Amino acid sequence: EAGVVQSPRYKIIEKKQPVAFWCNPISGHNTLYWYRQNLGQGPELLIRYENEEAVDDSQLPKDRFSAERLKGVDSTLKIQPAELGDSAVYLCASSLGLAGGPREDTQYFGPGTRLTVL
Amino acid sequence: AQSVTQPDIHITVSEGASLELRCNYSYGATPYLFWYVQSPGQGLQLLLKYFSGDTLVQGIKGFEAEFKRSQSSFNLRKPSVHWSDAAEYFCAVGHLGTYKYIFGTGTRLKVLA
């Protein structure tokens with residue numbers, strides 16, 4: 001079974017430029033997460049989707065970050081414009097979520113996108 | 001508020017030696033607890049998880065962890081470390097109902113040949 005797929009794996013941009021990350025979750029997983037992992041830190045949640053609905057976006061910097069999950073499968077996270085402090089690894093994860101109940105809610109992570117803003 | 005503390009930023013052990021990585025959590029109810037491993041340039045791989053029941057949990061790659069409610073700890077152990085275990089290890093606590101994980105800052109493991 002394929003895991004969580006993310007692209008690109010690496011991205012280097014200049015500040016003030018836009019950037020987008022794409023995620024394809026594990027088939028059948030209703031819940032999708034975007035995390036940001038700064039150097040030397042653990043991942044921090046940016047946004048969580050249940051199917052198409054963003055149910056927790058309290059940590060998403062909405063002035064420059066946006067996300068969508070059309071049709072409840074793939075998701076895109078966008079930054080516009082990027083700032084130097086946005087350099088980090090952006091991780092996507094998925095889980096069965098509500099369909100599986102709490103016991104089954106184990107999050108499976110993709111390889112991440114390493115963003116460098118110059 | 002929930003929090004996870006991994007007191008050791010770096011740990012170095014010799015190959016074949018035993019390993020214990022510490023994790024302490026702060027949470028008002030029974031937590032869901034996880035250990036993930038992250039190799040360089042890779043995402044996080046689940047090693048093991050605790051939801052309820054037996055407090056000693058077995059995971060993949062020969063790892064185990066023990067939930068100790070009285071100490072608010074969920075330490076990861078392995079009896080004999082292999083060179084391929086060199087990676088960064090993250091402990092996380094999950095919140096029932098919100099599916100939100102809080103991660104620790106990680107422990108980087110170095111294995112000496």
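The values are calculated or read from the model by the stated rules, or taken from the named source; none is laboratory data. Everything numeric in this text was worked out from a predicted model, so none of it was measured. Here Cβ is always computed from backbone atoms with ideal geometry, including for glycine, and neighbour counts include all displayed protein chains. The area values use the complete protein model at the heavy-atom level, side chains included, leaving out ligands, DNA and RNA. Shrake-Rupley method; radii C 1.70, N 1.55, O 1.52, S 1.80 Å.
Looking at the protein assembly as shown, what % of its DSSP beta bridges pair antiparallel, to the nearest 5? Spell out each step's value before the answer.
Details: 68 of 77 bridges.
Taking every DSSP beta bridge with both residues in the protein assembly as shown, the antiparallel ones total about 90 percent.
If you take the accessible area of A alone, add that of B alone, and subtract the area of the pair, what total do you get in Å², probe 1.4 Å, to the nearest 100? The partial results should precede the final answer.
Working: alone 6700 and 6220 Å², together 11030 Å².
By this definition, chains A and B bury close to 1900 Å².
At most 16 other Cβ atoms within 10 Å and a DSSP loop assignment: could you name the trypsin sites (Lys or Arg not before Pro) in region A:1-39 that fit? Intermediate results must be reported in sequence, preceding the final value.
Values: sites: A:9, A:11, A:15, A:16, A:36; in loops: A:9, A:15, A:16.
Passing sites in region A:1-39 are A:9, A:15, A:16.
At residue B:8 and residue B:105, where each label point lies 7 Å from the Cα along Cα→Cβ, what is the point-to-point distance in nanometres?
1.6
Averaged per residue, what accessible surface does chain B expose to a 1.4 Å probe, in Å²? Intermediate values should be presented prior to the final figure.
Numbers: 5250 Å² over 113 residues.
That works out to 46 Å² for each residue.
Per the Kirkwood treatment, what hydrodynamic radius in Å, one decimal, follows for region A:5-114 from the mean inverse distance over all distinct Cα pairs?
Values: mean 1/r = 0.0715 Å⁻¹.
Roughly 14.0 Å, rounded to one decimal.
Under 9 Å from the Cβ of residue A:59, count the other residues' Cβ atoms, weight Lys and Arg +1, Asp and Glu -1, and hand me the total. Provide the component values of the computation, followed by the final result.
Values: positive: A:36; negative: A:44, A:56, A:57.
Net charge in that neighbourhood comes out at -2.
Given a 1.4 Å probe and every protein chain left where it sits, what share in percent of the accessible area of region A:22-114 is carbon and sulfur? Write out the running numbers ahead of the final one.
Numbers: 1940 of 4050 Å².
Taking all protein chains in place, region A:22-114 shows 48 percent carbon and sulfur surface.
Please report, to two decimal places, log10 I(q)/I(0) for region B:3-112 at q = 0.10, 0.18 Å⁻¹ as given by the Debye formula with identical point scatterers on the Cα atoms and no solvent.
-0.26, -0.83
Would you calculate the separation in nanometres between label points at residue A:20 and residue A:55, each defined as 7 Å from the Cα along the Cα-to-beta-carbon direction?
2.6
Where in region A:7-21 is the amide nitrogen less than 14 Å from a point lying 7 Å along the Cα-to-Cβ axis of residue A:64?
From region A:7-21, the list is A:13-20.
What is the ratio of the Cα radius of gyration of the protein assembly as shown to 2.2 N^0.38 Å, where N is its residue count, to two decimals? Don't jump to the answer; show the numbers that get you there.
On the way: Rg = 17.6 Å, N = 231, 2.2 N^0.38 = 17.4 Å.
Ratio of Cα Rg to 2.2 N^0.38 Å: 1.01.
Just the number, please: carbon plus sulfur as a percent of the accessible area of chain B, 1.4 Å probe, no ligands or DNA/RNA counted.
On the way: 2670 of 5250 Å².
Answer for chain B: carbon and sulfur cover 51 percent of the accessible area.
So what is the relative contact order for region A:1-42, in percent, with contacts set as C-alpha pairs under 8 Å and at least six apart? Write out the running numbers ahead of the final one.
Values: 21 pairs, mean separation 17.1, N = 42.
The normalised contact order for region A:1-42 reaches 41 percent.
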